[in-house]
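Below: one structure, written as structure tokens.
The values are calculated or read from the model by the stated rules, or taken from the named source; none is laboratory data. Small disclaimer: the values here were computed from a predicted structure and weren't measured. Glycine also receives a Cβ, built like all others from the backbone with ideal geometry; neighbour counts cover every protein chain displayed.
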Amino acid sequence: MAPTLSLLSISLLFLLIVSPLPSSSQSSPTLNSPETQFQRLIRGFNLSPKHDVNTGRPGAQFPEAGPAMVEWPLKLPVPGNSIQDLGHHAGYYRLPHTKDARYDVAVNWLCSMKNGPFHIANNLSLLWNDFGWDQASNLIYVDQPTGTGFSYSSNDDDIRHNEDGVSNDLYDFLQAFFKQHPQYAKNDFYITGESYAGHYIPAFATRVQKGNKGKEGILVNLKGIAIGNGLTDPGIQYKAYPDFALDMKLIEQSDYNSINELVPPCEQATKLCASNGGDSCASAYGTCNNIFNGILAVTGNINYYDIRKQCEGSLCYDFSNLETFLNQKSVRAALGVGNIEFVSCSSTVYQAMLMDWMRNLEVGIPALLEDGIKVLVYAGEYDLICNWLGNSQWVHAMAWSGQKNFTAAPTVPFVVDGAEKGQLKSHGPLNLLKVHDAGHMVPMDQPKASLEMLKRWTAGKLSVTGSESWLGLM
Ligand SMILES: *[C@@H]1O[C@H](CO)[C@@H](O)[C@H](O)[C@H]1NC(C)=O
Ligand SMILES: *[C@@H]1O[C@H](CO)[C@@H](O)[C@H](O)[C@H]1NC(C)=O
């Protein structure tokens, strides 16, 4: 245990989701409005959330309003122990710059990122996760943006549309948390997350640095950010889809040639989004997703989070145990969430964030690197949707003072227990890791290697150069 670290893990609940087009549309892709695409997604994936978003619904009974923060020890049955014994807490934080929004803190650690302390068994018992990231650090999990998970607001105005809104809410939360728990404020602080968190994390880290430099509140001892299979620079990452699909033999050269014709319009649209913002970003989303949809039209029912698998159930993975578990009466009582229902995939929040999707969040990262903030970009090699190739390309294309040296740096094996678990490239505060035998959710597919990655990275030992150093760390 290393209680001197704090790790804020940003929700995976906001999964990347796209709608496959019918195969006939592949050669003559139609421009679909994001809204139409989303409606198709809802139908196609049988994903009609009972409650679209956690906002004030008639009859909804929210947890008691009251002080800005409510916390309580969490009591749930775990084999051989109770969570309370370990000092785990659940709570709500009322967000100051909103009409009525509250962040739920606790739920994600149960399992949704697969790096939390527990798994949920098929019979809905909690089981210890031997490789939970709690073994390396204190963890804070937040259901966000507002409206997802158990985080709720009774006021639609609190639904966020861009990274400014999201990162201000996260910053407010963090300030409130450290005010309540000053003993943690001096700890090294890391932000990690996956998937769409490739957007949230750079924005939030930039917000924290701004707060620190402007002495806005309690100093946050930000040491690093880690993005796993993230969407960070869509312009580069969408362009990489056909290349990755061809490399991995998901499509043939003739498919590649026709799908690749969709790349220039996407590049144009992404540029427009960068300069004009607003609707042009929603339009870029539609244009660029034709590339992805074109690939899916060839591959059929592939699991685009892990190309070795077939897509089963909503979102290609079966998360139903999580929702069933969380919506049990006893669990909701323990979490203090009243009768609001867990919303794992909010179409309202999704739509609200559409304008944000094609934004390039890489732009904030060089300043973090120049400040010496560690940046780890890791990716399971079999994920298609946020594949390692696109991630590697934006990391290499990023302009910062160490870019040349990073490009020239050797790629070395990442070894755990004597076996190569990935390939690592590093220079200064920047690390790029391709993880073997893993899809979109590295902690689920490679639990031990991902915990090792976290331990070494936070200890500053992931990127020690020279071949003997990684051997020495085994
Ligand atoms: C639930 O399943 C887990 C794992 O399969 C098992 O260890 C546990 O004993 C089961 N609990 C009950 C109450 O059946
Ligand atoms: C970067 O590479 C140059 C050329 O190889 C070298 O002289 C320099 O020391 C390197 N800088 C760092 C910080 O490693």
Inset, instruction - May I ask you to say which residue of S426, S401 is surrounded by fewer than 17 Cβ atoms within 10 Å (Cβ to Cβ), at pLDDT 95 or above and over 25 Å from G294 (Cβ atoms)? - result: S401
Inset, instruction - Kindly indicate whether any position in the range 287-296 is modelled with pLDDT of 95 or more and surrounded by fewer than 16 Cβ atoms within 10 Å (Cβ to Cβ). - result: no
Legend entry - Selection status of K404, within 16 Å of ligand 2 (Cβ to nearest atom) and without any contact (Cβ under 8 Å) to a residue 60 or more places away in the chain: yes
Inset, instruction - Please verify whether the range 109-131 includes one or more residues that are at pLDDT 80 or above, part of a strand (DSSP E or B) and surrounded by fewer than 19 Cβ atoms within 10 Å (Cβ to Cβ). - result: no
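Suppose we filter the range 172-230 for residues that are assigned to a helix (DSSP H, G or I) and among the hydrophobic types (A, V, I, L, M, F, W, C); how many remain? Quick ask: steps written out before the conclusion?
Of all residues in the range 172-230, those assigned to a helix (DSSP H, G or I) come to 172-180, 182-184, 197-213.
The next check asks that each one be among the hydrophobic types (A, V, I, L, M, F, W, C); those that pass are 173-174, 176-178, 197, 201, 203-205, 208.
The qualifying residues number 11.
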Inset, instruction - Please specify each residue of the range 298-312 satisfying the condition of being in contact with a helix residue (DSSP H, G or I) (Cβ under 7 Å, 6 or more places away or on another chain) and either at positive phi or modelled with pLDDT of 95 or more (or both). - result: V298
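If I filter the range 404-424 down to residues being assigned to a helix (DSSP H, G or I) and touching a helix residue (DSSP H, G or I) at 6+ places or on another chain (Cβ under 8 Å), which single residue comes out as farthest from ligand 1 (Cβ to nearest atom)? Show your work before the answer.
Going residue by residue through the range 404-424, those that are assigned to a helix (DSSP H, G or I) are 404-408.
Narrowing the set further to residues that are touching a helix residue (DSSP H, G or I) at 6+ places or on another chain (Cβ under 8 Å) leaves 406-407.
Details: F406: 45, T407: 48 Å.
Checked the range 404-424; the qualifying residue farthest from ligand 1 (Cβ to nearest atom) is T407.
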Inset, instruction - Return only the number of the condition from (1) of a type in the set (A, V, I, L, M, F, W, C); (2) in contact (Cβ under 8 Å) with a residue 60 or more places away in the chain; (3) under 18 Å from G235 (Cβ atoms) that L368 does not satisfy. - result: (3)
Inset, instruction - For the range 212-230, name all the residues that are crowded, with 21+ Cβ neighbours inside 10 Å and in contact with a Phe, Trp or Tyr (Cβ under 6 Å, 6 or more places away or on another chain). - result: V220, L222, G224, G228
Inset, instruction - Could you tell me whether the range 441-461 includes any residue that is within 16 Å of ligand 2 (Cβ to nearest atom) and either surrounded by fewer than 17 Cβ atoms within 10 Å (Cβ to Cβ) or over 25 Å from K309 (Cα atoms) (or both)? - result: yes
Legend entry - Scope the range 249-277; condition surrounded by fewer than 16 Cβ atoms within 10 Å (Cβ to Cβ) and part of a loop (DSSP other than H, G, I, E, B); matching residues: K249, E252, E261, G277
Legend entry - Condition broken by V395, with the remaining ones in (1) of a type in the set (V, I, T); (2) outside any helix (DSSP H, G or I); (3) surrounded by 24 or more Cβ atoms within 10 Å (Cβ to Cβ) satisfied: (2)
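Would you mention how many residues in the range 422-446 are farther than 18 Å from T192 by Cβ and not polar (S, T, N, Q)?
So in the range 422-446, the residues farther than 18 Å from T192 by Cβ come out as 423, 425, 427-428, 436-437.
Adding the requirement that they be not polar (S, T, N, Q) leaves 425, 427-428, 436-437.
Result for the range 422-446: 5.
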Legend entry - Failed criterion for P182 (all others in (1) surrounded by fewer than 23 Cβ atoms within 10 Å (Cβ to Cβ); (2) in contact with a His (Cβ under 8 Å, 6 or more places away or on another chain) hold): (2)
Legend entry - Residue check for G277: more than 24 Å from H440 (Cα to Cα) and in contact (Cβ under 8 Å) with a residue 12 or more places away in the chain: yes
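For A409, indicate whether it is within 16 Å of ligand 2 (Cβ to nearest atom), within 29 Å of E370 (Cβ to Cβ) and surrounded by fewer than 22 Cβ atoms within 10 Å (Cβ to Cβ).
Values: within 16 Å of ligand 2 (Cβ to nearest atom): yes; within 29 Å of E370 (Cβ to Cβ): yes; surrounded by fewer than 22 Cβ atoms within 10 Å (Cβ to Cβ): yes.
When the stated conditions are applied, A409 passes them.
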